[in-house]
1. Going by the conditions given, is B:L39 farther than 16 Å from B:F104 by Cα, free of Cβ contacts under 8 Å to residues at least 60 places away in the same chain and assigned to a strand (DSSP E or B)?
2. Counting only residues that are without any contact (Cβ under 8 Å) to a residue 24 or more places away in the chain and farther than 16 Å from A:L88 by Cβ, how many does segment A:23-68 have?
3. With the requirement that a residue be within 13 Å of A:N27 (Cα to Cα) and among the hydroxyl-bearing types (S, T, Y), what does segment A:61-101 give you?
4. Would you mind telling me which numbered condition in (1) modelled with pLDDT under 95; (2) surrounded by 19 or more Cβ atoms within 10 Å (Cβ to Cβ) B:N71 fails?
5. Can you confirm whether segment B:96-111 contains a residue that is more than 8 Å from every other protein chain (Cβ to nearest Cβ) and crowded, with 20+ Cβ neighbours inside 10 Å?
6. Which ones in segment A:12-57 are touching a strand residue (DSSP E or B) at 6+ places or on another chain (Cβ under 6 Å), acidic (D, E) and away from chain B (no Cβ under 11 Å)?
7. Can you work out which of the residues in segment A:1-43 that are in a strand (DSSP E or B) and of a type in the set (D, E, K, R) is surrounded by the most Cβ atoms within 10 Å (Cβ to Cβ)?
8. In this structure, does A:F61 turn out to be among the aromatic types (F, W, Y), buried (at least 17 other Cβ atoms within 10 Å of the Cβ), more than 12 Å from chain B (Cβ to nearest Cβ) and under 29 Å from A:P111 (Cα atoms)?
Amino acid sequence: QKEVEQDPGPLSVPEGAIVSLNCTYSNSAFQYFMWYRQYSRKGPELLMYTYSSGNKEDGRFTAQVDKSSKYISLFIRDSQPSDSATYLCAMIKAAGNKLTFGGGTRVLVKP
Amino acid sequence: ETGVTQSPTHLIKTRGQQVTLRCSSQSGHNTVSWYQQALGQGPQFIFQYYREEENGRGNFPPRFSGLQFPNYSSELNVNALELDDSALYLCASSWVDSEDEQFFGPGTRLTVL
């Protein structure tokens, strides 16, 4: 069983819809949680970085962490075609440690 | 502030050959991590370098090796290439023990025939 599970998708939504992404993890040692966006043949770009359980909002993006359930989510409001990409969840056990990624979810926002 | 750069952008090798990939870390960062991303999968941690020493390693065989130089740039070397080594190789730089993000380069796409 992988430490971090993520539905591979693809997830297709119409422009303007809310995109909902999630990951589950098995190791309670994970303390820091991130969401990266990766366009085709490019390196991952950090979108959101959270530490504690709860919600964190940044513009159209909201990240949720539920450590008791070992479950994290990313919501994208008012989705745009430019949001079409692969979204990777990642987590680390301590500052400076290696990132453990989920497999990524492909998202397609249709105009 | 310059970002993380990697070279080459892509290359093609044959089984059994050796390859060296290069990474220049972001200005001010002293730690470099390397990841392998197979097609359709998430990146997998290979190893991390800090102060020119390996500072953690993932589940990769010894034919994957690395170097970090005094200017914090880094190399990833892979010997005896196998078909399964075909992947996007990503370099990420950060400040050691920092809660700050790891900044990724654009990657080097390696194809092994």
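The values are calculated or read from the model by the stated rules, or taken from the named source; none is laboratory data. Computed from a predicted model, the values in this text were never measured in an experiment. All Cβ positions, even for glycine, are placed from backbone atoms using ideal geometry, and neighbour counts span all protein chains on display.
1. On the way: farther than 16 Å from B:F104 by Cα: yes; free of Cβ contacts under 8 Å to residues at least 60 places away in the same chain: yes; assigned to a strand (DSSP E or B): no.
Here the answer is no, as B:L39 does not meet what is asked.
2. 14
3. Within segment A:61-101, A:S68, A:S69, A:Y71, A:T100 meet the criteria.
4. (2)
5. Within segment B:96-111, one or more residues are more than 8 Å from every other protein chain (Cβ to nearest Cβ) and crowded, with 20+ Cβ neighbours inside 10 Å.
6. A:E15 - this is the single residue of segment A:12-57 that is touching a strand residue (DSSP E or B) at 6+ places or on another chain (Cβ under 6 Å), acidic (D, E) and away from chain B (no Cβ under 11 Å).
7. Taking the candidates together, the pick is A:R37.
8. Numbers: among the aromatic types (F, W, Y): yes; buried (at least 17 other Cβ atoms within 10 Å of the Cβ): yes; more than 12 Å from chain B (Cβ to nearest Cβ): yes; under 29 Å from A:P111 (Cα atoms): yes.
The answer is yes for A:F61.
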